[in-house]
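Asker: I have a structure I would like to understand better, so I am pasting it below and will then ask my questions one at a time.
No lab work stands behind these numbers, since they all come straight from the coordinates. Because the structure is predicted, anything quoted here is derived from the model rather than measured. Every residue, glycine as well, gets a Cβ built from its backbone with ideal geometry; the counts of neighbours run over all protein chains shown.
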Amino acid sequence: MNDHSTTSNLSPARSHPLGDPAAPLVPPAPRRPARESKPIEQVFRKVAVGLNTIFGPCSREAFGILMYHRVTDVIIGQPRPTWNVTPAQLEEQLSGLLRRGFQAWPLQRVLEYHEKGQALPSRVFVVTFDDGFQNNLTQALPILKKLQIPATIFLATRYLDSTQPFPSDDWFLAGSTNVPAESWLPLTTAECLRLRQSGLIELGAHTHAHDDYRGRPEYLLADLRHCVKILQEKFGIERPTFALPYGTKYNGFAGPELSEVARKAGVRCCLNTEPELVTRRSDPFDWSRMFAGDIDTSGTLAAKLGGWLSVLRRIKKLIVNSPLPPPAE
Ligand SMILES: [Zn+2]
């Protein structure tokens, strides 16, 4: 039984984005999390957790940036929210990382260290949330406050104050009255101001329209400049950090052309979603972020941030790409 077949009696209020026929029709999000649930990845995660527990992080100079989206409880009998962790999972993941000796830094602080050429202490990580869901305020912030963990929320500015779901939201129940509105609603401007007043939250750019910018550098430039202008006018942010929507390199949602555009638009970095750690010498316009979702625990996130999952994936790639031995005589 698939998710949708359980909800035929529901009436999700999906309409055209913002009720505006000219609004962009965005592509569905690349299914990076689906890759993470493949059997081989599940094996890798278990092995990586073991290696990390025995040896600690394998890369002491690198750090990791975690990427969250939605934070809401799962309602029994309803399709599971996509791109989600429950509040309990978020607390377990982050408190477990702190217990293992990791420390969360603001993205801007990591960038300052990088710009000055200063080395980071080991086990630093950064927390980010994409798009700007209302539950980042109602569900995530109390946990971040309790644990004193700073985070960046990347806003798709076109949808600030909207009462419609994000056009990119692929959860079947986004917009439905059968689930709490905060589970899919975009943040308002007033809520963003409250988030900033907490002293823990930085706001960053995630483009204005959250559209498909592949092969459209001029469009991205105009759109991102507009996003930067809104962040400046509404929140006084001069040079925001920036995360590309979708952000995967294998299908062109990230790459040198789009990074170059980001540089021109006046943002401070350009983050993609390759599941890699960031090394000291790497370019902030090519920094990666790691997916953190409901299949993760603090143990799997520690293994990702410790670099072990990347090592295992690299070994697999080497084996798969190595030439086959000659057939036996
Ligand atoms: Zn996004």
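Asker: Just want to confirm a number: the relative contact order over segment 31-320, from Cα pairs under 8 angstrom separated by 6+ residues, in percent.
Answerer: 24
Asker: Determine which lysines satisfy two conditions relative to Lys316: a Cα distance under 30 Å, and not lying fewer than 8 residues away in the same chain.
Answerer: Lys38, Lys46, Lys249, Lys304
Asker: May I pose another question? Could you give the longest part of the chain that holds none of the trypsin sites (Lys or Arg not before Pro) found in DSSP loops with at most 13 neighbouring Cβ atoms within 10 Å?
Answerer: With trypsin sites (Lys or Arg not before Pro) excluded where exposed in loops, the chain gives 32-279 as its longest stretch.
Asker: Would you mind working out the magnitude of the charge dipole of the chain relative to its Cα centre, with +1 at each Lys and Arg C-beta and -1 at each Asp and Glu C-beta, to the nearest 20 Debye?
Answerer: 920
Asker: Taking the Cα atoms of segment 183-329, what is the range of coordinates along each of the three principal axes, in descending order and whole Å?
Answerer: Cα spread of segment 183-329 along its principal axes, largest to smallest: 73, 38, 33 Å.
Asker: Here is a further query. Would you please give the residues with an amide H less than 5 Å from that of Val124, counting only those at least 5 places away or on a separate chain, with H modeled from the backbone geometry?
Answerer: Gln103
Asker: Separate question: Which one, Leu224, His208, Gln197, is farthest towards the positive end of the dipole of segment 191-234 when Lys and Arg carry +1 and Asp and Glu -1 on their Cβ?
Answerer: Working it through, the farthest residue towards the positive pole turns out to be Gln197.
Asker: Which far-off residues, 5 or more places away or on another chain, put their amide H under 5 Å from the one on Leu185, with H placed in the peptide plane?
Answerer: Amide H to amide H, under 5 Å and 5 or more residues apart or across chains, Leu185 pairs with Gln134.
Asker: Can you list the HN-Hα couplings for segment 241-246, worked out from phi with the Karplus curve (6.51, -1.76, 1.60; θ = phi - 60°), rounded to whole Hz and with x for Gly and Pro?
Answerer: Listing the rounded values in order: 6, 9, 10, 5, x, 6 Hz.
Asker: Cut-off 10 angstrom, C-alpha nodes, Gaussian network model of the chain. Which of Leu277, Leu173, Leu193 fluctuates the most?
Answerer: Highest fluctuation among the options: Leu193.
Asker: What base-10 log of the normalised intensity I(q)/I(0) is obtained for the chain from the Debye formula, alpha carbons as equal point scatterers, at q = 0.13 Å⁻¹?
Answerer: Results for the chain at q = 0.13 Å⁻¹ read -0.98.
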